[in-house]
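Input: a single structure, listed below in structure tokens.
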Amino acid sequence: MEQSDTLVDNLKKSGKVEGKDFRYIVQEQGTHNLPYDDVHIQWIEEAYAWLEKYNPAYIPSDGDSAPALVDFD
């Protein structure tokens, strides 16, 4: 947790606003191998939301079409 706290502190010191510029998620059962379904699903949902917002592989103004999305249901 110390590393993530340091990261969040430094983001805030640089002028970033939590909830606007970044989301900080604490997963109490989280580990590096994501063994629990709820933790794994939350990680995928958060990563997907980030990609929807910041995906550098697709820029709507380029005129091409968006890539197909994978359905996890």
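A few remarks follow.
- Answer from 8, 39 - the residue that is farther than 29 Å from residue 69 by Cα, in a helix (DSSP H, G or I) and of a type outside the set (Ser, Thr, Tyr): 8
- Those residues of region 60-73 which are in a loop (DSSP other than H, G, I, E, B) and either of a type outside the set (S, T, N, Q) or surrounded by 10 or more Cβ atoms within 10 Å (Cβ to Cβ) (or both), in sequence order: 63, 64, 66, 67, 68, 69, 70, 71, 72, 73
- Within region 12-27, considering residues that are surrounded by 11 or more Cβ atoms within 10 Å (Cβ to Cβ) and not in a loop (DSSP other than H, G, I, E, B), the one modelled with the lowest pLDDT: 22
- The single residue among 57, 49 that is within 15 Å of the chain's Cα centre (by Cα) and either exposed (fewer than 11 other Cβ atoms within 10 Å of the Cβ) or modelled with pLDDT of 80 or more (or both) turns out to be 49.
The values are calculated or read from the model by the stated rules, or taken from the named source; none is laboratory data. Being a predicted model, the structure only gives us computed values, none of them experimental. Positions of Cβ are backbone-derived with ideal geometry, glycine not excepted, and every protein chain shown enters the neighbour counts.
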